[in-house]
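Worksheet: one structure, shown below.
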Amino acid sequence: MTIIVTGGAGFIGSNFIYYQLREHKDDRIVCVDSLTYAGNLSTLAQAMKNPGFRFVRADITDREAIYRVFEEEKPDAVVNFAAESHVDRSIESPEVFLRTNILGTEVMMDACRKYGNVRYHQVSTDEVYGDLPLDRPDLLFTETTPIHTSSPYSASKASADLLVGAYYRTYGLPVTISRCSNNYGPYHFPEKLIPLMIINALHDKPLPVYGTGENVRDWLYVEDHCAAIDLVLRKGRIGEVYNIGGHNEMKNIDIVKLICKALGKSESLITYVSDRKGHDMRYAIDPTKIHNELGWLPATKFSDGLQKTVEWYLENREWWETIISGEYKNYYERMYGNR
Ligand code: NAD
Ligand code: DAU
């Protein structure tokens, strides 16, 4: 089959492309990415050598360009990763989030309808469910938890999910949605918690923990997420939502301390800074449905995944040094300069 993977020059999309090229050698992968600040062609350098892979630079909101790719490639499936993905940036400037995450989803699904009712998978997030209280560890997000968003980012992802549901019901487009918890692993853009803390610690720079550091996220190694999406794409029930998560809840502050330990750095680098506006307290996924229906379970223990991730950042300095020497400097100053 030919699969269009949007956002494949970003963190999870690139890991998914490498997963596909390894696990499904007969499939053709066409990556569509506009290369925003978060997209990086060097990430796909190895994929470029594979004859079953093609990269197309295009914006998912550009209907003409997207229809052209469909005409050329006649895809059997689309996996839509392309998005503005960083909550802090969405608080600063929501508009591009609405454009890419909602209108881009619309264009991709219109193309799927126009070119033969192509199978469509939407990569969504647990953030569409809002947050959970710290004092109710019994509560988890299930697929029937009401949508209840906090940030412009999560509101845009939830809007896209609603649109995907509407295309299924109204037009019969063969869709699925997956909602995953926080990922970590190779090629994670340095603005996000784990890579930011690794890179700052390596430079003996302050480690900026928002608020009290008590917020909880449910961390999953990126390859486990890729395996889950692959299963949903090939074996999932059409029209269904699947939650993906590894029962691995961690407080932010504990993660930062683990990173200090892994790098042999002092915890005195930890600096508490003012909180994110509307900061979600706790995310926790119940992945029972994907386990029962598709047999998926995460394969990577957090301690192993974090160790592999730290090693990856130590061994791939050029990748992130190039990123943090560019526009990222301005971003960092804006976000953390006066915090
Ligand atoms: P990322 O920011 O690392 O990568 C996003 C990619 O999309 C980049 O390559 C960027 O160039 C591309 N892109 C952005 N706007 C585009 C546009 N208009 N047209 C074409 N390409 C565009 O994001 P990520 O962390 O890899 O997240 C991928 C997807 O997974 C997103 O949809 C996100 O909502 C979802 N998700 C992420 C996580 C996480 O922990 N990172 C967890 C659950 C779900
Ligand atoms: O849950 C899935 C979501 O996870 C995805 O949908 C998003 O695309 C992805 O970015 C991620 O969102 P978070 O906001 O949870 O991730 P982030 O890495 O930005 O922050 C993780 C936690 O760490 C959060 O509670 C905020 C905190 N934090 C983050 C940064 C960047 C800090 O304390 N300091 C920081 O400098």
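The values are calculated or read from the model by the stated rules, or taken from the named source; none is laboratory data. This one's a predicted model, so the numbers in the text were calculated from it and none came from an experiment. All Cβ positions, glycine included, derive from the backbone under ideal geometry; neighbour counts span all protein chains shown. The area values use the complete protein model at the heavy-atom level, side chains included, leaving out ligands, DNA and RNA. Shrake-Rupley method; radii C 1.70, N 1.55, O 1.52, S 1.80 Å.
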> Could you give the dipole magnitude of the chain about its Cα centre, charging the beta-carbon of Lys and Arg +1 and that of Asp and Glu -1, in debye to the nearest 20?
Replying inline: 280
> Starting at 0 and stepping by 10 Å, how many percent of the alpha carbon pairs of the range 101-166 end up in each bin?
Replying inline: 20, 43, 24, 10, 3
> If you rank Thr144, Thr43 by how much accessible surface each has, with a 1.4 Å probe, what is the order from largest down?
Replying inline: Thr144, Thr43
> What FRET efficiency would be calculated for the residue pair Ala299, Met1, taking the C-beta separation as r and a Förster radius of 22 Å, to the nearest 0.05?
Replying inline: 0.35
>> Starting from the 7 Å offset along Cα-to-Cβ, what nm value, one decimal, do you get for the label separation of His203 and Glu318?
In response: 2.0
>> How tilted is helix 193-202 with respect to the longest principal axis of the chain? Cα atoms for both, answer in degrees (0 to 90, nearest 10).
In response: 50
>> Need the full-extension length gain, Tyr171 to Glu95, defined as separation in residues times 0.36 nm minus the C-alpha distance. One decimal, nm.
In response: 24.6 nm
> What is the gain in length, in nm to one decimal, between Arg136 and Leu162 on full extension, counting 0.36 nm per residue of separation less the C-alpha to C-alpha distance?
Replying inline: 6.6 nm
> Excluding Pro186 itself, what net charge comes from residues whose Cβ is under 10 Å from its Cβ, given Lys and Arg +1 and Asp and Glu -1?
Replying inline: -2
> Which FRET efficiency value, to the nearest 0.05, is calculated for Leu35 and His291 with the Förster distance at 41 angstrom and r the Cβ-Cβ distance?
Replying inline: 0.70
>> Leaving out ligands, DNA and RNA, and with a 1.4 Å probe, what % of the accessible surface on the chain is carbon or sulfur?
In response: 50
>> Could you compute the net charge surrounding Cys226? Neighbours are other residues with a C-beta less than 12 Å from the C-beta of Cys226; K and R count +1, D and E count -1.
In response: -3
> For the pair Tyr210 and Lys25, how long in nm is the line joining their label points, each one 7 Å along Cα→Cβ?
Replying inline: 4.4
> Which chymotrypsin sites (Phe, Trp or Tyr not before Pro) from the range 62-123 combine a DSSP loop assignment with at most 13 other Cβ atoms within 10 Å?
Replying inline: none
> Roughly how big is the range 197-304's charge dipole about its Cα centre, with Cβ charges of +1 (Lys, Arg) and -1 (Asp, Glu), in debye to the nearest 20?
Replying inline: 140
>> Please compute the length gained on full extension between Glu333 and Tyr272, using 0.36 nm multiplied by the number of residues separating them and subtracting their Cα-Cα distance.
In response: 20.3 nm
> Antiparallel as a % of all DSSP beta bridges within the chain, to the nearest 5?
Replying inline: 10
> How much accessible area per residue does the range 1-129 have, in Å², with a 1.4 Å probe?
Replying inline: 38
>> Among Ser124, His24, His188, which residue has its Cα furthest toward the positive end of the charge dipole of the chain, with +1 on Lys/Arg Cβ and -1 on Asp/Glu Cβ?
In response: His24
>> Can you tell me the orientation of helix 63-73 relative to the chain, as the angle in degrees between its alpha-carbon axis and the longest Cα principal axis, to the nearest 10?
In response: 70
> What is the helix-to-structure angle for 152-171, meaning the angle in degrees between its Cα long axis and the longest Cα principal axis of the chain, kept from 0 to 90 and rounded to the nearest 10?
Replying inline: 20
>> Considering the Cα positions of the range 181-283, please state its Rg to one decimal place and its Dmax as a whole number of Å.
In response: 15.9, 51
> With charges set only on the Cβ (+1 for Lys and Arg, -1 for Asp and Glu), what does the dipole of the range 28-151 come to about its Cα centre, in debye to the nearest 20?
Replying inline: 700
> Summing +1 for each Lys or Arg and -1 for each Asp or Glu, what net charge is found among the other residues whose Cβ lies under 14 Å from the Cβ of Thr170?
Replying inline: 0
>> Based on alpha-carbon centroids, what's the gap between the range 310-339 and the range 36-86 in Å, whole number please?
In response: 24
